[in-house]
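Some notes on the structure that comes next.
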Amino acid sequence: MISFSSPILSESWKNSNMLLLSLIAPPENLSPEYFCSLLNQYGPVHQVKILNKSLMDYKVLVEMETHEAAKSAKSFLDQLSSNFIKCQYYQDEKPLLSGSYNNCSLDLINDSTLSTQRCRHSTSLNDIVQEDDKHLSSIRSILSSQRIINSSSIMQPTITLCLNGIKGKNLDAQKLYNIFSNFGNIDKILLIKLKNFALIKYLKEEYSIFVFQNCQKLQFFDSVVSISFVAEDAIDQLKSLDTLYNEQDYYVGSQETDRFNSNNKMNLLPPSQVLHISNLKKVSSNAETMWDAFSEFGVVEAVKVLNTQFKFMCLVKMETLQQALEVMAQMHNEEIDNRNVQISFTKAKI
């Protein structure tokens, strides 16, 4: 069992204009410019220093010009998933340099004018990670007088995404695959329920970019998902930490399970309330059967039968997108009248 001991901060620390950010599975190309651009909208950023870089322990110190700016920036960061990025006030108090403060130790990193607060874990994730992944990076900083760069130009796409905010006791990697394989062929999925995030590695960057652009803030089960790019090898680095996930939380795609033929041009469609149901038997391709099959996941608003001489298909419209996503997660490739049905998103209207 992994537990975390948060520091107990004094009231004076809560008035600090400095923030300590801890990130899980960040992109490799994050820079001080990115954090400065991200938080500058909440007030002037005096400086940003990256203290530590590793997949499970990436720490950044941000100094805002005022406490009010720091408070606004922290409020924004706290609205992001608390498991992907943690934000706390930080104060550089010289009397504490030689000792410890409650559950936190203070270390000097390459700069005698800067102390870093590194929280102790009763069982630390960093104790599990390889030692060579724990080295300290050289400190880089950016002053507020420097030009602010648009954050979208700094966050470079990769083929691997972090879906943050994943919740739901019935969720597993297969259900995530059922949803997100609609947007391109997937190499691997790793779900870390303990930290409420999942990593999805696509075969092509164009797929991950499509998901990043079209699937932010999706709601399904108990999840409200925010999506970011992470290091391409993030799954491979975390895969060995098998105490963090169960067997059903790791999924590897194959040509047999790919939705798209890689030799054909792919038409990627965003999530929709209307679902296309195919590979039906003739006896199943009717409104009554569709209503019975999908009403347990929510309100079925409409059904349209699309039968031809040799193919039997239907369109089903759910009341909400959240219900449609849960149908996709649980019913894609499941049996209706002893045949595995295929479910996909569609731009068709009913």
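Here are the numbers for this structure:
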item: The stretch 234-249, residues that are surrounded by fewer than 17 Cβ atoms within 10 Å (Cβ to Cβ) and at pLDDT 90 or above; result: N246, E247, Q248
item: Output for the stretch 295-328, where each listed residue is among the small types (G, A, S) and either over 15 Å from S272 (Cα atoms) or surrounded by fewer than 18 Cβ atoms within 10 Å (Cβ to Cβ) (or both); result: S295, G298, A302
item: Verdict on V316 being assigned to a helix (DSSP H, G or I), among the β-branched types (V, I, T) and outside the structural domain of N185 (by TED's automatic domain parsing); result: no
item: Among the residues listed as M290, M313, M318, the single one being in contact with a Gly (Cβ under 7 Å, 6 or more places away or on another chain) and in contact (Cβ under 8 Å) with a residue 24 or more places away in the chain; result: M318
item: Selection status of Q219, farther than 20 Å from E326 by Cα and touching a residue at least 24 places away in the same chain (Cβ under 8 Å); result: no
item: Some residue of the stretch 282-289 being closer than 23 Å to K175 by Cβ, acidic (D, E) and not assigned by TED's automatic domain parsing to the domain that holds Q174; result: no
item: Output for the stretch 286-304, where each listed residue is touching a Lys or Arg at 6+ places or on another chain (Cβ under 7 Å) and within 12 Å of M331 (Cβ to Cβ); result: none
item: Residue tally, condition over 16 Å from Y177 (Cα atoms), out of contact with any strand residue (DSSP E or B) (no Cβ under 6 Å at 6 or more places or on another chain) and of a type in the set (S, T, N, Q), over the stretch 247-285; result: 6
item: Selection from the stretch 33-53 of residues that are outside any helix (DSSP H, G or I) and within 14 Å of L21 (Cβ to Cβ); result: V45, Q47, V48, K49, I50, L51, N52, K53
item: Hits in the stretch 168-193 (condition: at pLDDT 95 or above and in a helix (DSSP H, G or I)); result: A173, Q174, K175, L176, Y177, N178, I179, F180, S181, N182, F183
item: Among the residues listed as V252, V274, V230, the single one being closer than 21 Å to N170 by Cα, of a type in the set (A, V, I, L, M, F, W, C) and either surrounded by fewer than 14 Cβ atoms within 10 Å (Cβ to Cβ) or in contact (Cβ under 8 Å) with a residue 60 or more places away in the chain (or both); result: V252
item: All positions within the stretch 19-29 that are in contact with a helix residue (DSSP H, G or I) (Cβ under 8 Å, 6 or more places away or on another chain) and crowded, with 19+ Cβ neighbours inside 10 Å; result: L19, L21, I24, A25
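The values are calculated or read from the model by the stated rules, or taken from the named source; none is laboratory data. This one's a predicted model, so the numbers in the text were calculated from it and none came from an experiment. Cβ: placed from backbone, ideal geometry, glycine included. Neighbour counts: every protein chain shown.
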